[in-house]
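A quick write-up on the structure given underneath.
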Amino acid sequence: TRIIRLLKLMRVPNAKVFPLNLWGDLVNMLIGLSIGVHALLSVLVIFCLVLYLIGLIFRLTVGPEDGQDLLSQCPNPDDLDDFSDLECPIWRLYGEVYFKSVKISMF
């Protein structure tokens, strides 16, 4: 009889702590998560591709040419006062700072 009472006592708290309708909600949330992950990853991939293309375009148009190192010859573009200097064009200086590589251009 003691064992039966213990089993009854163990069964009652389990029914209150883990109601059956909670499992149905949990399953619904997991199904919704599994459906949404595909859409989220698709948008993330498209977003990264757009960032890559924009970075590539800026790198090719504004970025430095091969072997170009104006930053060692010219002052920092933020400290530049004379924007008409033909040896240190400001757009080339900023191109070296912000568009040195595609990875830097993306972010």
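The values are calculated or read from the model by the stated rules, or taken from the named source; none is laboratory data. As the structure is a computational prediction, the values presented were derived from the model and not from experiment. Positions of Cβ are backbone-derived with ideal geometry, glycine not excepted, and every protein chain shown enters the neighbour counts. Please note that ligands, DNA and RNA were not included when accessible areas were found on the heavy atoms of the full protein model with its side chains. Shrake-Rupley method; radii C 1.70, N 1.55, O 1.52, S 1.80 Å.
Cβ-Cβ distance below 7 Å, separation of 6 or more or different chains: which pairs start in the range 58-75 with a residue that is without any contact (Cβ under 8 Å) to a residue 40 or more places away in the chain and end on one that is open to solvent by 70 Å² or more (accessible area, probe 1.4 Å) and not β-branched (Val, Ile, Thr)? Hits for this filter: 62/91; 64/100.
Do we have any residue at all in the range 60-70 that's of a type in the set (A, V, I, L, M, F, W, C), open to solvent by 90 Å² or more (accessible area, probe 1.4 Å) and not in a loop (DSSP other than H, G, I, E, B)? Talk me through it step by step, then tell me what you get.
At the first step, the residues of the range 60-70 found to be of a type in the set (A, V, I, L, M, F, W, C) are 60, 62, 70.
So of that shortlist, the ones also open to solvent by 90 Å² or more (accessible area, probe 1.4 Å) come out as 60.
Among the residues that remain, those that are also not in a loop (DSSP other than H, G, I, E, B) are: 60.
Yes: the range 60-70 contains one or more residues that are of a type in the set (A, V, I, L, M, F, W, C), open to solvent by 90 Å² or more (accessible area, probe 1.4 Å) and not in a loop (DSSP other than H, G, I, E, B).
Against the list (1) under 12 Å from residue 95 (Cα atoms); (2) part of a helix (DSSP H, G or I), the condition residue 39 fails is (1). For first residues located in the range 36-56 and touching a residue at least 12 places away in the same chain (Cβ under 8 Å), partners that are open to solvent by 90 Å² or more (accessible area, probe 1.4 Å) and not polar (S, T, N, Q) and lie 6+ apart or on another chain with Cβ distances below 9 Å form the pairs 51/107; 55/103; 55/107. Only one of the listed residues (105, 84) is open to solvent by less than 100 Å² (accessible area, probe 1.4 Å) and assigned to a loop (DSSP other than H, G, I, E, B). That residue is 84.
Of 8, 100, 16, all but one fail to be outside any helix (DSSP H, G or I) and either at pLDDT 85 or above or open to solvent by 80 Å² or more (accessible area, probe 1.4 Å) (or both); the exception is 100.
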